[in-house]
Structures are given as C-alpha cells and as structure tokens.
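Just below is one structure, and these are the notes that go with it.
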Amino acid sequence: MEKIIIHIRPIDWTEGNLYGLCIRISGDNPEVTIDWGNGQVKTLYRNEIEEYHSYPKDEYLQYKVEVTVITGEIEFIDPCGGDCCIERIDFSGAPSIKEISVENCRDIILNNHNLEKLTIRIYGGSNIDFIKCPNLRHLYFDGGVNMKELNLFGCHKLEWLEVNGSWQSPEFLKITIANDAPLKCIRLASVNLSNGCMKYLKSLLERRNGELRLE
C-alpha cells in the first residue's frame, strides 16, 4: 500500500478545486481511494485515473487530500492545483513512483528511489531535498524569483536538467551535480548564476561531451 498526502488551500477570488488529479497505476486489479479532506471519499478500480473535486471559495480553509493505492504501483501522478494552492505534497509514502509532475506548489517531500522523471514548479523559495532520489534521470525545475539552491549531488543517474529561474532573483542560484552523473544536457532559462557556478557547469559538461543551452 502506498500513500500520497496533499495539503491544499483554495484561492479566494474563485471557486477552488483540485482538478486534473491524474494517476497511472500498474498491475492487475488496481484499487485506489481518494479522501478529499472534506468528508468525501472515492474508491476507483482502474489503471488510468483522472478525478476532479470542488471546494468552497475561502482561502482561510485548508484541506488534506490523501491518495491511497491499495493494490498496484504508481507509475505517474500529476496533482494539478487548479484554483487551489498546494501548500505541501508528500510523496515519501509512495516509493514506487517513476514520474511526477507538480505545479504551483510551496513545498514537496521526496523519498522515491524509483523516481526517474520530475517536473516541478515551486513558489515561496523552498529548497527541495533530492538526496533520496538517486535514480532521477530528467528534472525540470522552476523555482521563480526566490530560488536559491539546487542540490542534485545525490542524483547519480541524472542525464537531463532544465532550470527556469528569474533574472530578477536577488541572489545567485547555486547548482550542485553528482560527480558520477552521466549528464547529456543542461538547459538554463533566465537563471542568475555566479561566474564560478557557470564555469563549474561548463567544465562538468565538457568532461561528458554534454551540451549547455542558455536562454
């Protein structure tokens, strides 16, 4: 059994909803329950899941959504915020996940050794701990203006890194890569790097015959 916990808060100018909760489950006879945090629970028995749920228009309310996979393993999940802000999402109770896509999230907890692909957009300047994602191969990371550090020293299988930042960031972004990561490409868009960090990334890619793309 695996569990994902999502803390959400509706946005005040519209009716909140957690739409596009997309999950792909492997295995025969999967069973998944979704507790929407407001007394409503739904059980589903299929490999492809796309569910929608609405909440009152009140930014002072918070809800804890729990996705429990009773049988089967999670291959992919995309918990879109819709008209809700995701305050925190905890994937540590679902170690089988291979691919995650998260947008509009303040904080994320990872402990997913099987995770290979991660797309994440963070707001609020949180530094994400990737140390327990050693098999991550592809990372798209959008940290916005408050992004300060991206420590990927524990990601020993990383092949592709895309980082979207902001030239308006008050501080330089520090990026650290595992020495044995087989990097093929780093793409940086509007990322404010120090000269030392840029030199470090170029040297790392040269040793691997990799490519650096600046946008």
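Computed quantities for the displayed model
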quantity	calculated
Simple spin-label estimate for ARG88 and GLU149 in nanometres, 7 Å along Cα-Cβ	2.0 nm
Structure-derived Rg/Rh (Cα atoms, Kirkwood Rh) - corresponding label in (i) 1.09; (ii) 0.95; (iii) 1.01	(iii)
FRET efficiency estimate (nearest 0.05) - Cβ-Cβ, LYS3 to MET198, R0 45 angstrom	0.65
Residues with amide H under 5 Å from that of GLU149, placed H, sequence gap 5 or more	LYS174
Whole-Hz ³J(HN,Hα) from phi, Karplus 6.51 cos²θ - 1.76 cosθ + 1.60, for segment 127-134, glycine and proline x	8, 8, 8, 9, 4, 9, 10, x
Karplus-derived 3J(HN,Hα), 6.51/-1.76/1.60, for each residue of segment 85-98, Hz, glycine and proline x	8, 8, 6, 7, 9, 10, 9, 5, x, 9, x, 7, 4, 9
Helix axis angle, 195-207 relative to the chain longest principal axis, alpha carbon, degrees	90 degrees
Given LYS42/LYS117; LYS117/LYS148; LYS157/LYS202, the pairs whose alpha carbons are separated by over 24 Å	LYS42/LYS117
Per-selection Kirkwood Rh - segment 48-124 (Cα, Å, 1 d.p.)	13.6 Å
The chain: relative contact order in percent, alpha carbon pairs under 8 Å with at least 6 residues between	15 percent
GNM result for the chain, Cα springs below 10 Å: residue of GLU66, GLU50, GLU87 fluctuating most strongly	GLU50
Point-to-point label distance, SER26-VAL41, nm (Cα→Cβ direction, 7 Å offset)	2.8 nm
Accessible area expressed per residue, the chain, with surrounding protein chains retained (probe 1.4 Å, Å²)	48 Å²
Nitroxide proxy distance, nm - points 7 Å out along Cα→Cβ at THR119 and GLU215	1.3 nm
Carbon + sulfur, % of accessible area of the chain - ligands and nucleic acids excluded, 1.4 Å	45 percent
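The values are calculated or read from the model by the stated rules, or taken from the named source; none is laboratory data. Not measured: the values here are computed from a predicted model. We place every Cβ from the backbone using ideal geometry, glycine too, and count neighbours over all the protein chains shown. What goes into the accessible areas is simple: the full protein's heavy atoms, side chains included, and nothing from ligands, DNA or RNA. Shrake-Rupley method; radii C 1.70, N 1.55, O 1.52, S 1.80 Å.
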